[in-house]
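Inspection log for the structure reproduced underneath, given as structure tokens.
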Amino acid sequence: MNLILLGPPGAGKGTQAKILSKEFVIPQISTGDILRGAVKEQTPMGVKAKRYMDAGALVPDEVVVGIVEERLARPDCSSGFILDGFPRTVIQADALKHMLFVSGKTIEHVISMVVDKEELLGRITGRRICRLCGKGSHITFEPPKLEGKCDDCGGELFQRDDDSEETMRNRLEVYQQQTAPLIAYYAHEALLRTINGTGSIESIHQEILTCLKGSRG
């Protein structure tokens, strides 16, 4: 099974991808993770990406696509994969389609997780990280026993700059601009299934499974 999970920051793509990865025994491929991994391992594309990252510039599409291609060529992807955070643009979607066609593969399912903007803001801006041990918590969903203190080590909890409301609103705006054409792209390919990303982790997982079974039928 070759699956793409689409959704804005905070929609829960990573959580659902991890569950599906265990259930179907196929790897979850997160763009951020494989980008950092390629840089650390100094793969050919990782070396290119590091030059842009060191200069504080965005890593261009062709390099991101190259890193994804390196990852999909590994043996653990032979039975399928779950793409989390890729593609982000129609250009990347076209490149993915071409690289898979060359290897005799194709995307079988695309699931778009839709969540209300204010719900997303609440999920993201409520996140807190411990300065000492790095453990995450949430002021609403997983509040610490002592306000501002980590339950595990007592370290100070802080909000990452990426999780501020202003930053999140900008990220969501960029996502909408980039993803609207991408959703239309996969709808045209008759691959897109849209689900409500609000609810319990289990209920969302079951809705995804229903979409996958329906697509197979």
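5 Å is the cut-off here: which amide hydrogens, built 1.01 Å from N in the peptide plane, fall below it relative to LYS135, excluding neighbours closer than 5 in sequence?
Here CYS130 satisfy the definition.
Quick check: pseudo-label points 7 Å beyond the Cα along Cα→Cβ at GLN176 and HIS138, how many nm apart are they?
The two pseudo-label positions are separated by 2.2 nm.
Rounded if a/c is under 1.5, else prolate if a/b beats b/c, else oblate: with a ≥ b ≥ c from the C-alpha gyration tensor eigenvalues square-rooted, which is the stretch 131-217?
Oblate shape, in that a/c is at least 1.5 and b/c is the bigger or equal ratio.
Tell me the label-point distance for the pair GLU62, ASP162, using the 7 Å Cα-to-Cβ offset, in nm and rounded to one decimal.
Result for the modelled spin labels: 2.7 nm.
Enumerate by residue number the trypsin sites (Lys or Arg not before Pro) in the stretch 127-217 meeting two conditions: DSSP loop (anything except H, G, I, E, B), and at most 13 other Cβ atoms within 10 Å of the site's Cβ.
ARG131, LYS145, ARG160
Got the relative contact order for the stretch 98-210 handy, in percent, Cα pairs under 8 Å and 6 or more residues apart?
Rounded, it is 32 percent for the stretch 98-210.
Taking amide H positions as placed 1.01 Å from N in the peptide plane, with prolines and chain starts having none, which residues 5 or more places from ILE4, or on another chain, fall under 5 Å of its amide H?
LEU83, HIS109, VAL110, ILE111
What lysines could a cross-link reach from LYS22, if we take a straight Cα to Cα line under 26 Å and drop same-chain neighbours fewer than 8 places away?
LYS13, LYS40, LYS97, LYS105, LYS135, LYS213
Using θ = phi - 60° and the Karplus form 6.51 cos²θ - 1.76 cosθ + 1.60, what ³J(HN,Hα) does each residue of the stretch 98-111 get, whole Hz, x for Gly and Pro?
Running phi through 6.51 cos²θ - 1.76 cosθ + 1.60 with θ = phi - 60° gives 5, 5, 6, 4, 4, 8, x, 10, 7, 6, 9, 9, 10, 10 Hz.
Give me the dipole magnitude in Debye, nearest 20, for the stretch 96-217 about the Cα centre, with unit charges on the beta carbon: positive for Lys and Arg, negative for Asp and Glu.
So the magnitude is around 440 debye.
In the chain, if the dipole is taken from +1 on Lys/Arg beta carbons and -1 on Asp/Glu beta carbons about the Cα centre, which of PHE101, MET53, VAL64 is farthest to the positive end?
Checked the options; the winner is PHE101.
Can you work out ³J(HN,Hα) from phi for every residue in the stretch 126-139, in order, using Karplus 6.51 cos²θ - 1.76 cosθ + 1.60 and θ = phi - 60°, giving whole Hz and x for Gly and Pro?
Computed from phi, the couplings for the stretch 126-139 are x, 6, 9, 10, 7, 5, 8, 10, x, 5, x, 8, 9, 5 Hz.
Karplus couplings for the stretch 41-55 from phi (6.51 cos²θ - 1.76 cosθ + 1.60, θ = phi - 60°), rounded to Hz, Gly and Pro as x?
7, 6, 5, x, 6, x, 5, 5, 4, 4, 4, 5, 5, 5, 8
Counting alpha carbon pairs within less than 8 Å and at least 6 residues apart, what relative contact order, in whole percent, applies to the stretch 1-131?
43
Please say if the stretch 96-173 is rounded, prolate or oblate, where rounded means a/c under 1.5 for a ≥ b ≥ c the square roots of the C-alpha gyration tensor eigenvalues, and otherwise the choice is prolate for a/b larger than b/c and oblate otherwise?
prolate
Roughly what % of DSSP beta bridges within the chain run antiparallel, to the nearest 5?
30
Could you tell me what fraction of 2.2 N^0.38 Å the Cα radius of gyration of the chain comes to, as a two-decimal ratio?
1.07
Every number in this text was worked out from the coordinates using simple rules, so none of it is lab data. Everything quoted here is computed from the prediction, not taken from an experiment. Ideal geometry is used to build each Cβ from the backbone, glycine not excepted, and the neighbour counts take in all protein chains shown.
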